[in-house]
1. Over the whole of B:40-46, what's the average partner chain Cβ count within 10 Å per residue? Rounded to a whole number, please.
2. Report the residue, chosen from A:I18, A:I50, A:I77, that carries the largest GNM mean-square fluctuation when chain A is represented by alpha-carbon nodes joined by springs under 10 Å.
3. For region A:4-19 and region A:51-104, what is the centre-to-centre distance using only Cα atoms, to the nearest Å?
4. What is chain A's relative contact order, in percent, from Cα pairs under 8 angstrom and six or more apart in sequence?
5. For region A:1-49, which trypsin sites (Lys or Arg not before Pro) pass both filters: DSSP loop (anything but H, G, I, E, B) and at most 15 other C-beta atoms within 10 Å?
6. Most exposed first by the Cβ proxy, i.e. fewest other Cβ within 10 Å, how do B:V50, A:V87 rank?
7. For region B:43-57, just list the computed ³J(HN,Hα) in residue order, Karplus coefficients 6.51, -1.76 and 1.60, θ = phi - 60°, integers in Hz, with x standing in for Gly and Pro.
8. Which residue fluctuates the most in chain B, going by a Gaussian network model with Cα springs under 10 Å, if the choices are B:N65, B:N28, B:N73?
Amino acid sequence: DQQVKQNSPSLSVQEGRISILNCDYTNSMFDYFLWYKKYPAEGPTFLISISSIKDKNEDGRFTVFLNKSAKHLSLHIVPSQPGDSAVYFCAARDPNEKLTFGTGTRLTIIP
Amino acid sequence: NAGVTQTPKFRVLKTGQSMTLLCAQDMNHEYMYWYRQDPGMGLRLIHYSVGEGTTAKGEVPDGYNVSRLKKQNFLLGLESAAPSQTSVYFCASGHRTSNTEAFFGQGTRLTVV
């Protein structure tokens, strides 16, 4: 049972435009959500996070939105840059500190 | 500051062999996790630990065992390796405070032939 889902395996965006990555979850007990970025042959690196008591968190070009009623979060990257090309994972943490990841979305920024 | 270190980085095993993957963190983190990454499957949690001496099962624990005898180390064992365990394994650690992220190691690529 996939509790965290990323339904788009891949996404291509023109450089300078906005990239929007989506994530859905099923467990209403999740209290903290994170986005990670992964380059080939490297471990995932943390990008941005949001607590379940908030609906938006912004850090430079990256903004995460949380819609608890829809059990949906999204990551906005604007403007997109070639270095943003990577696989992006969303993750959700439950009160037992179990951290569950989605299947990932491969983002390609087209110069 | 080394962060999270995984040993080894690469390994080839024959079916039925056993091995232990070591994860070491120097950040005094309470929580540690083992994941496997497979194409199209994302990162799947194998086992995790919320403190020294405690472990818990994740999504895909079968065929693996873990131990957390020391706070800084989290060991993942394969008693009898199978080709289905060919994967990239990632370890992560995190702090027992709210709203903090988990830090990942660089991964271990395991091939079982």
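Read-outs throughout are calculated quantities, based only on the coordinates presented, and are distinct from any laboratory measurement. This is a predicted model, so every value here is computed, not measured. We place every Cβ from the backbone using ideal geometry, glycine too, and count neighbours over all the protein chains shown.
1. 6
2. Answer for the Gaussian network model of chain A: A:I18.
3. 13
4. 37
5. A:R17
6. Ranking B:V50, A:V87 by Cβ neighbours within 10 Å, fewest first, gives B:V50, A:V87.
7. Working through the residues one at a time gives 9, 10, 6, 8, 8, 8, 9, 9, x, 3, x, 10, 9, 8, 7 Hz.
8. B:N28
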